[in-house]
Amino acid sequence: MREIRLCDDASLDKVYGLCLNNSLGLEIQGFYNPNLIDTEESEKLLAGYKETLVNFQGGKSLHAPFWDLNLGSKNPDVRKATMKAFNYAYKVAKELGCTEIVVHNGFIPNTSFYEGWVRNATAFWQEFFSDKDGSITMMIENQCEEDSEVLKMEIDSVNDPRLKVCLDIGHAHANSNMPVEEWIITLGSRIGYLHLHNNHGKVVGRPSYKNDEHLGLDMGTMDIAKIFALLEEHCPDAVWNVECKLDYIEKAVDIISELGYLNRNKHNKL
């Protein structure tokens, strides 16, 4: 992996010390709500992050707004709202010195043919990147996708080094019909970024939205050691981000250390 970071779950104070003590980077999640876009509340939030992170030496990334957005939608108003949200996230990320932005496709399985959706997504990304430099990489996170194909098609169609995949292993395990290991193998070097947390997969009789538990790395049914080894084999330059619930995040850092990966964190060697 290139670096290990912790997701702050919009509570920077809960992870900041852990980042400093372990030479870890940070994924900023305080701006995920589209209702914050261009508001006074957003400006206050930005000022607070700037003040706290003024001397922070770790890598930084930002999670963009994602509720009710869909970059490949057939509805131009939805695409316009998505573009506004992504441009807002880009502006915030620039001000905070982030090198990656995590976004959601908004793809809803069984509502669109892959080919048509990817055509719309490709046009969206071409417009988005038309006035952007190369300082920030956009990372598309899987959420409800049933397999890796639409992300694979999208990355290959856009064919721009500023666009890669954020593989959320928990979402893949909870929501898809493809084993996490196969996601890793089929996407390979398209993966530039990871969200790491565990769950129990699809549980019969439980509403699907409850399957995404964001448990500690040792608390679900994924074999984390096996997954880490596959990640190092197929996407060795990806940024790893721990996205467990905050109660489990310190133990997750311990597990990563016990498995021998914390010392491979290149930020530790700066």
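The values are calculated or read from the model by the stated rules, or taken from the named source; none is laboratory data. Note that this is a predicted model, so its numbers are computed, not measured. FYI the Cβ positions are ideal-geometry reconstructions off the backbone, even for glycines, and counts take in every protein chain you see. Keep in mind that these areas ignore ligands, DNA and RNA; they rest on the heavy atoms of the full protein, side chains included. Shrake-Rupley method; radii C 1.70, N 1.55, O 1.52, S 1.80 Å.
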Margin query: Quick test for you: out of Ser148, Ser176, Ser130, pick the one residue that is of a type in the set (S, T, N, Q) and surrounded by fewer than 18 Cβ atoms within 10 Å (Cβ to Cβ).
Written below: Ser130
Next item on the list: Please indicate, with yes or no, whether at least one residue in segment 29-47 is assigned to a helix (DSSP H, G or I), open to solvent by less than 50 Å² (accessible area, probe 1.4 Å), on the phi < 0 side of the Ramachandran plot and aromatic (Phe, Trp, Tyr).
Entry: no
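Could you tell me whether Glu181 is modelled with pLDDT of 95 or more, over 20 Å from Trp67 (Cα atoms) and charged (D, E, K, R)?
On the way: modelled with pLDDT of 95 or more: yes; over 20 Å from Trp67 (Cα atoms): yes; charged (D, E, K, R): yes.
Yes: the conditions hold for Glu181.
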Item checked: Subset of segment 64-108 [open to solvent by 30 Å² or more (accessible area, probe 1.4 Å), outside any helix (DSSP H, G or I), out of contact with any Pro (no Cβ under 6 Å at 6 or more places or on another chain) and not basic (Lys, Arg)] -> Phe66, Asp68, Asn75, Gly97, Thr99, Ile108
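For segment 151-173, which residues satisfy the criterion of being closer than 26 Å to Lys210 by Cβ and open to solvent by less than 40 Å² (accessible area, probe 1.4 Å)?
Narrowing segment 151-173 to residues closer than 26 Å to Lys210 by Cβ: 151, 165-173.
If the condition is that a residue be closer than 26 Å to Lys210 by Cβ and open to solvent by less than 40 Å² (accessible area, probe 1.4 Å), then Leu151, Val165, Cys166, Leu167, Asp168, Ile169, Gly170, His171, Ala172 are the ones that fit.
If only one of Val118, Val102 is among the β-branched types (Val, Ile, Thr), in contact (Cβ under 8 Å) with a residue 40 or more places away in the chain and over 16 Å from Phe66 (Cβ atoms), which one is it? Break it down into steps so the answer makes sense when it comes.
Numbers: Val102 fails: over 16 Å from Phe66 (Cβ atoms).
Only one candidate passes the filter, namely Val118.
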Check: In segment 120-134, is there at least one residue being aromatic (Phe, Trp, Tyr), over 28 Å from Val92 (Cα atoms) and touching a helix residue (DSSP H, G or I) at 6+ places or on another chain (Cβ under 9 Å)?
Finding: no
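Among the residues of segment 217-230, are any in contact (Cβ under 8 Å) with a residue 60 or more places away in the chain and closer than 22 Å to Lys60 by Cα? Let's see the steps before the verdict.
So the first thing to find is which residues in segment 217-230 are in contact (Cβ under 8 Å) with a residue 60 or more places away in the chain, and the list is none.
Within segment 217-230, not a single residue is in contact (Cβ under 8 Å) with a residue 60 or more places away in the chain and closer than 22 Å to Lys60 by Cα.
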Note to self: Being open to solvent by less than 50 Å² (accessible area, probe 1.4 Å), among the polar types (S, T, N, Q) and touching a strand residue (DSSP E or B) at 6+ places or on another chain (Cβ under 9 Å) is the filter here; which residues of segment 205-256 pass it?
What the structure shows: Asn241
Check: Do we find a residue being among the small types (Gly, Ala, Ser) and in a loop (DSSP other than H, G, I, E, B) anywhere in segment 151-163?
Finding: no
Item checked: Residue list for segment 165-204, restricted to those being out of contact with any strand residue (DSSP E or B) (no Cβ under 8 Å at 6 or more places or on another chain) and of a type in the set (Val, Ile, Thr) -> Val180, Ile185, Thr186, Val203, Val204
Item checked: Restricting segment 184-203 to residues that are of a type in the set (A, V, I, L, M, F, W, C) and modelled with pLDDT of 95 or more, the residue that is surrounded by the fewest Cβ atoms within 10 Å (Cβ to Cβ) -> Ile185
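Considering only residues of segment 54-63 that are crowded, with 18+ Cβ neighbours inside 10 Å and either free of Cβ contacts under 8 Å to residues at least 24 places away in the same chain or in a loop (DSSP other than H, G, I, E, B) (or both), which is farthest from the chain's Cα centre (by Cα)?
Top of the filtered list is Gly58.
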Checklist line | Subset of segment 164-210 that is within 22 Å of His63 (Cα to Cα) and among the basic types (Lys, Arg) - its residue that is farthest from the chain's Cα centre (by Cα) | finding: Lys210
Next item on the list: Could you check Tyr16 against (1) among the aromatic types (Phe, Trp, Tyr); (2) within 27 Å of Lys251 (Cβ to Cβ); (3) within 19 Å of the chain's Cα centre (by Cα); (4) assigned to a loop (DSSP other than H, G, I, E, B) and say which number it fails?
Entry: (4)
